[in-house]
Amino acid sequence: MALNMLNASTWMVIVFPIIGILLGAVAGFFVAKVMERSQKDKSTQSASKIIEKALQEAATVKKEAILEVKEETHKLRTQIDEEKREWHGERQKAEQRFTTREEQIVKREEILANKELSIENTRADIENTKKQVTKNLEDSKAKHEAAVEKLEKITGLTKAQAKKEIMDSLIDDAKTEAAGTVRKIIQDAEEEGGKKAREVVCNAMQRLATDVVGEITVSTINLPTDEVKGRLIGREGRNIRALEAATGVDLIIDDTPEAITISCFDPYRREIAKLSIEKLIQDGRIHPGRIEEVVERAKKEIDNQIKEIGESTAYELKVHGLSPEIIRTLGKLKFRTSYGQNQLIHSKEVAFLSGMMAAELGANEQIAKRGGLLHDLGKALDHEQDGTHVQIGVEMATRAKESKEVIHCIEAHHGDVPFQSLEAIIVQIADALSSSRPGARRENLENYIKRLKDLEEIANNKPGVEKTFAISAGREIRVIVKPEQVTDEQALFMASEIAKEIEEKLTYPGQIKVNVIRETRATQLAK
């Protein structure tokens with residue numbers, strides 16, 4: 001019994017919870033169903049509201065879309081109507097223009113028809129007039145022939161014979177009268193022109209008195225003592241060789257007491273050598289390094305002198321506004337000669353003469369004087385540039401923007417171009433006066449200088465040549481080569497080639513010695 005009671009209790013403990021769980025599950029299921037149904041009702045209500053709201057919004061959108069479509073349709077219709085009106089307007093204008101053009105064409109056709117009728121009438125009148133003129137000409141010709149036959153019978157001459165006699169008579173009379181007139185004009189012109197020309201030239205020459213110029217090729221330097229000669233020569237002649245190599249002159253040291261002679265055809269080189277030697281003697285330090293330094297300084301001083309000479313020449317002649325290039329070139333003319341005549345003095349003479357004659361003849365005095373001063377400008381550079389001194393002078397004056405009148409004076413002073421102004425003729429006459437007066441020039445010297453320049457040019461054309469100097473009055477030429485480019489063997493062959501080319505190209509008296517000098521120097525600094 002007790003066991004049964006225990007089993008019953010156990011069974012109740014197990015069964016009741018299970019029943020409770022089942023009841024709870026059933027209750028939960030029904031609660032969930034109720035809640036689900038409630039939620040579903042709420043969702044259904046919410047969805048209904050949303051659908052109702054969406055339908056309302058769709059209706060609103062539809063109305064708005066319909067309104068927009070109506071408005072757009074109205075705008076399109078309005079635009080189409082406007083374009084239609086414009087098209088109709090343009091069409092009406094085009095039709096109007098077409099109508100107007102058609103009327104104009106009709107009028108032109110009428111005018112052309114009238115003109116054609118008028119032309120036909122005119123043509124008919126011309127034909128009638130032409131026939132009448134032809135008839136008149138035939139009548140006149142017949143009358144003329146009859147008159148000519150009558151005259152031939154009266155005079156006993158044919159038409160050709162009478163015409164010839166009349167022409168011969170007229171020609172003879174014209175020739176006689178013209179010859180007399182021409183003879184009188186020539187006589188008057190010769191008398192007056194010769195008188196005026198002699199007067200102008202004599203006045204100009206009397207007003208300009210210049211010493212006779214005769215350039216030489218040597219300069220002499222007085223020494224304080226004969227001891228200086230030895231110092232100039234140096235040990236084994238190194239100083240004199242350095243001087244000759246640096247300046248391109250030939251130093252003649254003979255038995256003349258307290259004097260040495262500088263020989264060179266180029267006055268520019270002689271002046272540099274003279275100034276350098278004077279500075280070396282004054283300084284007392286004479287050695288190859290010092291010599292090169294002094295020569296370079298002398299060159300700079302001479303270049304400054306050239307500028308000052310050009311400026312003083314322009315100031316003396318009252319020729320203003322010259323470019324720096326022309327001023328410097330004028331100064332260089334002091335160191336150039338032509339047939340023994342100093343070119344700067346010659347140019348000044350020509351300028352003075354040109355100005356005086358221009359003043360006498362009523363020409364432009366300033367142009368004539370300026371042209372006379374610059375007429376031989378190219379001679380300062382003709383040994384450096386290709387071309388004649390006239391071409392070089394014209395090119396320089398053109399670069400310096402000189403006037404056309406002055407440039408013409410330069411290019412015409414040798415008659416290379418036709419004269420186009422009175423000033424150019426005056427410059428040519430002044431040049432001839434300055435050049436042809438007694439003692440002004442020595443032709444042999446010009447030929448001599450040309451030969452020396454040709455000698456130097458032959459050597460300078462060889463590769464590796466640094467400097468070339470023609471010395472000893474053209475009997476010797478010294479060629480200094482670059483040691484890094486020419487070997488000793490090549491120097492020997494170069495001397496032979498230069499000598500052979502001189503024999504083939506130049507004409508000269510006696511013999512010419514060719515010296516090719518190759519010198520190697522080693523220089524270091526002691527610190």
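The values are calculated or read from the model by the stated rules, or taken from the named source; none is laboratory data. Predicted model, so just to flag it, every value in this text is computed and none were measured. Don't worry about glycine lacking a Cβ; one is built from the backbone with ideal geometry, like all the others, and counts go over all protein chains shown. Ligands, DNA and RNA are stripped out before the accessible areas are found, and what is left, the full protein with its side chains, is counted by its heavy atoms. Shrake-Rupley method; radii C 1.70, N 1.55, O 1.52, S 1.80 Å.
Would you confirm, using the coordinates I've provided, whether Ile286 is out of contact with any strand residue (DSSP E or B) (no Cβ under 6 Å at 6 or more places or on another chain), touching a residue at least 12 places away in the same chain (Cβ under 8 Å) and not in a helix (DSSP H, G or I)? So Ile286 passes the test. Using the structure shown, decide if Ala473 is open to solvent by 50 Å² or more (accessible area, probe 1.4 Å) and either over 24 Å from Glu384 (Cα atoms) or modelled with pLDDT under 75 (or both). So Ala473 fails the test.
Among residues of region 299-356 being in a loop (DSSP other than H, G, I, E, B) and touching a residue at least 60 places away in the same chain (Cβ under 8 Å), the one that is nearest to Ile367 (Cα to Cα) is Leu322. For Val213, the criteria (1) at pLDDT below 85; (2) open to solvent by 50 Å² or more (accessible area, probe 1.4 Å); (3) farther than 24 Å from Glu466 by Cα hold in every case but one, which is (2).
Of everything in region 432-459 that is within 27 Å of Val514 (Cβ to Cβ) and basic (Lys, Arg), the residue that is modelled with the highest pLDDT is Lys453.
Applying the selection to region 84-101, what residues are open to solvent by less than 100 Å² (accessible area, probe 1.4 Å) and of a type in the set (Asp, Glu)? Result: Glu95, single match.
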